[in-house]
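Student: Before I ask anything, here is the structure I am working with.
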Amino acid sequence: MEPWQKIYATRNPAEASIIQGMLEENNVPVQIMNKQDSSYLNFGDIELYVPGHLVETTKQLLAASLLN
């Protein structure tokens, strides 16, 4: 089994949630790792991970959705 790979990082929780929803709608499993400091939200990122074999598919979905 391939390890999960980071495909996106943001400091905006809403943006991370929207991307997670878009990927799940396209049957791509996604995990969110919130590395933001709980007191100071400008420190750290929210990272999205997908299985290694779906990285290219995910990049294509992200590119298509960001162009619209």
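Student: In vacuo Debye scattering of the chain, one point per C-alpha: log10 I(q)/I(0) at q = 0.17, 0.26 Å⁻¹?
Tutor: Values, matching the q order: -0.59, -1.16.
Student: Which value at 222 nm does the chain reach when only helices count, each DSSP H run of 4 or more adding -39,500 (n - 2.57), with the total divided by all residues and rounded to the nearest 500 deg cm²/dmol?
Tutor: About -12000 deg cm²/dmol.
The numbers here are math on the coordinates, done by the rules we state, and not lab data. What you see is a predicted model; the values in this text were computed from it and never measured.
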